[in-house]
Amino acid sequence: MPGVVDSHVHVNEPGRTDWEGYWTATRAAAAGGITTIVDMPLLCFHVTARNSNPPTTTVENFQTKLHAARGKCFVDTAFWGGVVPGNQSALRPMIEAGVPGFKCFLIHSGVNEFPHVTEVDLRSALAQLQGTGRVLLFHAETELEHVTPLLNNPCDYTTFLATRPDEMEVEAIRTVIKLCLQYRVHCHIVHLSTAEALPIINEARKAGAPLTVETTHHYLSLAAEDIPNGATHYKCCPPIRTRNNQEQLWSALKAGKIDMVVSDHSPCTADLKLLQSGDFLKAWGGISSLQFGLPLFWTSARKYGFTLQDIVNLMCKNTAKLCGIENRKGSLVAGKDADLVIWDPDKEFEVSETLIHHKNKLTPYLGHRLRGEVFATIVRGKIVYLQGKFSDKPLGEHILIDITQL
């Protein structure tokens, strides 16, 4: 089938290559049948760590990132830009340099060099993006005054879950919808975790909002009820919610109300997960899953009646369209890049550390039995992965979006 396009990946190079890097991330992608990744402008959610530095918020920083990735990518790679307070004048130059769109946070990102934006900042940014054909991606959570940390056991997952209630997402998405309808710029909600936001998203689309939404493998595969005490490798933001919420996300996917499924691969070194103390409130948040997205999705999706064509739509075509590369990626059509994954939907395997090509092996999926083993991955007609082995050298290219394409 077409190679998977994962439009939400945190590679974190330059600056934090001990967490991840282009060499390891893109090998993991290739082993998972992914032929294109789109790198986020930062890696986020640890209150003391300095992350991908510099973040992709200026043309100069973008060039630094391109230089860092040169010669290290086993699959094709595009790069999101970032919107932070005061950088609205840098957005159009970054568009001219080839970014497909921009990411912003409506809540503290976890790192000081990528501050979150206010509504005033967003209005300035959206005014710059009008008429460009570019998309603005939102980490849609917002601080609520009445949400305060509980004095309960910090090793109990429900303690952490209570600090990031569904309402934080819903209120942030209300703001996104208001601005999306006003400015008519394509807006995209990243990693939707709560089904409570689906009704207002549906109403916004009926009203003509150019709004798209993604969810992730961990929200579809993991449930709050199954997270053991102290298992901080399950922590991410927004959080993994209840099984009932998960069922509603699957129903929305089936009904076409969620547009795509991505990894939000967000790794770190094992020590930052604080596994010894098991403190969910202090541990770094993020889940590594890049290599296993295809089998993770298929293992669950087949039980809900999804087809292989549904995988293509949710993980190839729609993600390619989001980042403006559907003219090259996401479907098997004459004239497009020969990006393919050859895999066995019926083959079962167990996730083990020896299989993992991410730099850091910690993931909540260790020991899980999944269905759907990748045999080979082909990028632009060249084999980059075949039965556990990689091409002798990285064959991936940088994808820069020509301003005339949109």
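The values are calculated or read from the model by the stated rules, or taken from the named source; none is laboratory data. Everything quoted here is computed from the prediction, not taken from an experiment. As a convention, Cβ positions derive from the backbone with ideal geometry for all residues, glycine included, and neighbour counts pool all protein chains shown. Heavy atoms of the whole protein, side chains included, go into the accessibility calculation; ligands, DNA and RNA do not. Shrake-Rupley method; radii C 1.70, N 1.55, O 1.52, S 1.80 Å.
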Original post:
When the convex hull of the Cα atoms of the range 119-181 is projected onto a plane and the area is averaged over all directions, what value comes out in nm²?
Top reply: 5.5 nm²
**OP:** Take each of the peptides 73-82, 101-110, average the number of other beta-carbon atoms within 10 Å over its residues, and list them starting from the highest.
**Re:** 73-82, 101-110
Original post:
Per residue, what accessible area does the range 17-140 have, given a 1.4 Å probe and all protein chains present, in Å²?
Top reply: 29 Å²
**OP:** Can you work out the PRE-style zone for residue 64? Point 7 Å along Cα to Cβ, and I want the residues of the range 86-117 with backbone N under 12 Å.
**Re:** 113-114
Original post:
Rounded to a whole number, what % of the accessible area of the chain do carbon and sulfur atoms account for, probe 1.4 Å?
Top reply: 51 percent
**OP:** Could you work out how far the C-alpha centroid of the range 107-185 sits from that of the range 308-366, in angstrom?
**Re:** 28 Å
**OP:** Find how much the distance from residue 120 to residue 152 grows on full extension, using 0.36 nm per residue of separation minus their present alpha carbon separation; answer in nm with one decimal.
**Re:** 7.9 nm
Original post:
What whole-number value in Å² describes the accessible area per residue of the range 162-215 for a 1.4 Å probe?
Top reply: 34 Å²
**OP:** Using a 10 Å cut-off on Cβ atoms, rank the peptides 133-140, 175-182, 306-313 from the highest mean neighbour count down.
**Re:** 133-140, 175-182, 306-313
Subject >> Potential extension, residue 276-residue 96 segment - 0.36 nm per residue separation minus Cα distance >> reply: 60.1 nm
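Fully extended, how many nm does the chain gain between residue 389 and residue 143 (0.36 nm per residue separation, minus their Cα-Cα distance)?
Working: separation 246, 0.36 × 246 = 88.56 nm, distance 4.57 nm.
Taking 0.36 nm per residue and subtracting the Cα distance, the gain is 84.0 nm.
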Subject >> Computed magnitude of the charge dipole of the range 294-361 (debye, nearest 20; Cβ of K, R +1, Cβ of D, E -1) >> reply: 280 debye
Subject >> Modelled FRET efficiency - R0 30 Å, residue 332 with residue 355, Cβ distances, 0.05 increments >> reply: 0.65
**OP:** Mind checking the range 326-405 for GluC sites (Glu not before Pro) that DSSP puts in a loop (not H, G, I, E or B) and that have at most 16 other Cβ atoms within 10 Å?
**Re:** 397
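Determine one quarter of the surface area of the Cα convex hull of the chain, which equals its mean projected area, and express it in nm² to one decimal.
It is 17.7 nm².
What whole-number value in Å² describes the accessible area per residue of the range 343-406 for a 1.4 Å probe?
Normalised by residue count, the accessible surface of the range 343-406 is 56 Å².
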Original post:
From the Cα gyration tensor of the range 257-406, with a ≥ b ≥ c the square roots of its eigenvalues, which class applies: rounded if a/c is under 1.5, or else prolate if a/b is larger than b/c, or else oblate?
Top reply: prolate
